[in-house]
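The values are calculated or read from the model by the stated rules, or taken from the named source; none is laboratory data. Just so it is clear, the model here is predicted, and its values are computed rather than measured. No Cβ is skipped: glycine too gets one built from the backbone with ideal geometry, and neighbour counts run over all protein chains shown. Heads up: the accessible areas ignore ligands, DNA and RNA and are worked out on the full protein's heavy atoms, side chains in. Shrake-Rupley method; radii C 1.70, N 1.55, O 1.52, S 1.80 Å.
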Amino acid sequence: MSSPADLLLHNAKVITLDESQPRVEMVAIKGNRILNVGREEDVESFKGARTRVVACQGKTIVPGFNDAHCHPIGLAAGLLSVDCGPSSVRSIVELQAQIRQRAKQTPKGKWIRAVGYNEFYLAEKRHPNRWDLDKAAPHHPVKLSHRSGHACVLNSLALKLLGISEETPEPPDGIIERDLETGEPNGLLFEMNPHVEKLTPPLSEEEMERGIGLANEEIISRGITSLQDATWSDSLKRWQILRGLKEREKLVSRVSMMIGIDELEEFKQRGLSTGSGDSQLRLGGVKVILQTTTGSLNPPQEELDQLVSKAHKAGFQLALHVVEENTVEAAITALEYALSQIPKPDHRHRLEHCSVCPPHLVQRLKDIKAIVVTQPPFIYYSGERYLATMPQDDLRWLYPIGSLLSSGLRVAASSDSPVAGLNPLVGIYAAVTRAAETGQTLLPQEGISRLEALKMYTLEAAYASFEEGVKGCLTPGRLADLVVLSDDPTKVPPEEIKEIEVVMTIVDGKVVWQK
Ligand SMILES: [Zn+2]
């Protein structure tokens, strides 16, 4: 007689991602760990008087999903904001109607936040400007955020409150778009979110609680049992907020929080580094954003080399946000420099997005053993836009996940939520089929196998945060984080992968969500 389980799931198709027994029929859980896995005939030996037994009726069990790059607080804030994403509004007129509606319900003078617009999906095919927003809400300051998180539009009242006028000089890292004749800002700001955020009132505690509640529900209902918060502004204060949310069980999924490069010293002084914390909330890498919005690389290469070296030397993992080919290259150069100064075999430095990556850069990534954290949901949700607007030269090497894997690189998957939808099954579908929502395909030759896609959302995501020893597969002794799915993503016709539903989510041995 084996030790009895607390929770026993059986009559299931279990995909363990453990090569020693890849497919089994039951999972036994004791406390917060996997006690054992096995065949249907093993079930009796794990049953005790107090064992909760769940018959899964042939449904599929996989390790809990791990979203390796997302923004949970941004998601929470987004869920409270006016939704201006393509599924809600298709024109500036509709966008105005949504904001006008919110203004009616909001006391005058209080900030209105709207999120998710992308000019490509607006009938007018242009960014909204301050005057468009003024028409919808003249008496409220309005901030409308671009879906990418790298641009926003303010109405006239918001510009005034933030002191942005024709006299404001051009900021070093961003762009204030202006009327060419008068120099008057038109409301559209690029790469100025940090500045804008600092000057706008934060969400109240009550709003934050409500937003987190909605975000938590969304996260666990998608089977995400671990997430990696990749927010550039994550600070000691954010770390304490997340700690509070974890302790009060408001955020059920395990969290690995990256920190902004500006926060490095503060964490260092407190003796906190990558890996600090526990299995519920741990510290991830240092996030550095590389961009070329103003026409040149920011931070410039030399400065970047020094920043990266500093974090590397301090023992932190790096997470470099890179989208364009030249930023990917700059990140590699900086990592090569840091590693030549202080070699470290198991550094696991990461490139976040790594969107445009031609073969010669794949090779250099391989040489330094970097990890790529990719976003297959972008293929699905933004594929149409990429095909219509990206230069051919870039399109050729867009999210070349197949090439990355066949070169031997380790690749983890993520949603970048709220930039794209959270659903990992949509991500798996897109990584396999390379299909956009419209049915168009992007580089179908870069499609990967279903099992590889599943691993990117589980084992490989755990590897990207140094946690593959505790989670990411269903091996006895590992944390009991798992998901029951309505169907088997490795067996259904490809089109149906994205329709598979999460039936039950288990985190830390507890059923936290059930359909
Ligand atoms: Zn992101």
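Points to keep in mind about this one:
- Apportionment of accessible area to carbon and sulfur, region 277-333, percent (1.4 Å): 48 percent
- Calculated FRET value between GLU197 and HIS139, using beta carbons and R₀ = 22 Å, to 0.05: 0.45
- Highest average first, the peptides 228-239, 44-55 ordered by how many other beta carbon atoms sit within 10 Å of their residues are 228-239, 44-55.
- Lysine pair count for region 365-515 (Cα-Cα distance under 28 Å; residues 8 or more apart in sequence or on different chains): 17.
- Whole-number percent relative contact order across region 267-321, with pairs defined as alpha carbons under 8 Å at least 6 apart: 40 percent
- LEU214 versus TRP131: modelled label distance in nm, points set 7 Å from Cα along the beta carbon direction: 3.2 nm
- The calculated FRET efficiency for HIS360 paired with GLU496, based on their beta-carbon distance and R0 = 22 Å, is about 0.05.
- In the chain, taking the dipole from charged Cβ atoms about the Cα centre, the farthest positive-side position among LEU387, PRO345, GLN280 is held by GLN280.
- If R0 is taken as 60 Å, the Cβ-Cβ distance between GLN341 and THR106 corresponds to a FRET efficiency of 0.70.
- With N the number of residues in the chain, Rg(Cα) / (2.2 N^0.38 Å) evaluates to 0.99.
- Cross-link partners of LYS104 among lysines (Cα-Cα below 23 Å; sequence separation of 8 or more within a chain): LYS135, LYS143, LYS160
- For region 364-515, the carbon plus sulfur part of the accessible surface works out to 49%, probe radius 1.4 Å.
- Environment charge at LEU361 (Cβ cut-off 12 Å; Lys +1, Arg +1, Asp -1, Glu -1): -3
- Rough spin-label spacing in nm, given labels placed 7 Å along Cα→Cβ, for ARG23 and SER406: 2.6 nm
- Relative to the dominant Cα principal axis of the chain, helix 236-247 is inclined by about 40°.
- Database remark: amide H of ASN186 closer than 5 angstrom to the amide H of GLU177, ARG178, ASP179 (H placed geometrically; neighbours at sequence offset of 5 or more, or on other chains; Pro and chain starts carry no H).
- Between SER296 and ASP262, the distance separating the two model label sites (each 7 Å from Cα on the Cα→Cβ line) works out to 2.2 nm.
- Alpha-carbon radius of gyration plus Dmax, which is the widest Cα pair, for region 420-515 in Å: 14.3, 43
- In range of the label at LYS515: residues from region 407-447 whose backbone nitrogen is under 17 Å from the point 7 Å along Cα→Cβ: 422-429
- A straight Cα-to-Cα reach below 18 Å connects LYS313 with the aspartates and glutamates ASP262, GLU263, GLU265, GLU266, GLU302, GLU303, ASP305, GLU336, ASP346, residues fewer than 8 places away in its own chain not being considered.
- Set of aspartates and glutamates near LYS47 by C-alpha distance (under 18 Å), chain-local residues within fewer than 8 positions excluded: ASP6, GLU25
- Largest first, the residues ASP67, ASP394 sort by 1.4 Å accessible area into ASP394, ASP67.
- For the chain, the solvent-accessible area with a 1.4 angstrom probe is 41 square angstrom per residue.
- Rounded to the nearest 10 degrees, the angle from helix 92-104 to the longest Cα principal axis of the chain is 80 degrees.
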